[in-house]
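The values are calculated or read from the model by the stated rules, or taken from the named source; none is laboratory data. Computed from a predicted model, the values in this text were never measured in an experiment. In this analysis, Cβ positions are derived from the backbone assuming ideal geometry, glycine residues included, and neighbour counts consider all displayed protein chains. To get the accessible areas, we keep the full protein, side chains included, count just its heavy atoms, and leave off ligands, DNA and RNA. Shrake-Rupley method; radii C 1.70, N 1.55, O 1.52, S 1.80 Å.
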Amino acid sequence: QLQLVESGGGLVQPGGSLRISCAASGFTLDYYAIGWFRQAPGKEREGVSCISSSGGSTNYADSVKGRFTISRDNAKNTLYLQMNSLKPEDTGVYYCAVARGRYYWGSCLLNGYDYWGQGTQVTVSS
């Protein structure tokens, strides 16, 4: 019963901040890279940020670098994304996803991540 449940999304004005979370159950995240991906209506899903199993390596899309921070708390089996200075183009459904194998990095590409949550909506609008 592997489950990933995102929370914390909502409506925020440009320049505002949100922190979204992904809680895992049914398995332990310790061995797996995990990441955030987002999808706007009519657009392809894209990688936002990923973090290695230990937290020692991170990846950020150029569009969010310097504004978003990914972190994980393995003791809580939870992933976070702190989003600051939000822009309208950040709008979309944000999904957390777990890499396909233990200690697999996958370069934060879609084909490297096989286990997905249902997503949480983030809307950045005036």
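Observations, loosely collected:
Listed here are the residues, each with its yes/no results for (1) open to solvent by 50 Å² or more (accessible area, probe 1.4 Å); (2) closer than 13 Å to Asn74 by Cα.
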{"position": "Gly15", "(1), (2)": "yes, no"}
{"position": "Leu18", "(1), (2)": "no, no"}
{"position": "Thr28", "(1), (2)": "yes, yes"}
{"position": "Tyr31", "(1), (2)": "yes, yes"}
{"position": "Ile34", "(1), (2)": "no, yes"}
{"position": "Phe37", "(1), (2)": "no, no"}
{"position": "Pro41", "(1), (2)": "yes, no"}
{"position": "Glu46", "(1), (2)": "yes, no"}
{"position": "Thr58", "(1), (2)": "yes, no"}
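- Residue within region 84-100 that is in contact (Cβ under 8 Å) with a residue 60 or more places away in the chain, more than 21 Å from Leu11 (Cα to Cα) and either surrounded by fewer than 21 Cβ atoms within 10 Å (Cβ to Cβ) or of a type in the set (Val, Ile, Thr) (or both) present: yes
- Residue count for region 1-13, restricted to those that are open to solvent by 70 Å² or more (accessible area, probe 1.4 Å) and in contact with a Phe, Trp or Tyr (Cβ under 8 Å, 6 or more places away or on another chain): 1
- Evaluation of Val64 against the conditions (1) within 18 Å of Val124 (Cα to Cα); (2) part of a strand (DSSP E or B) shows that the sole unmet condition is (2).
- Residue match in region 104-111 (condition: open to solvent by 40 Å² or more (accessible area, probe 1.4 Å), part of a loop (DSSP other than H, G, I, E, B) and among the aromatic types (Phe, Trp, Tyr)): yes
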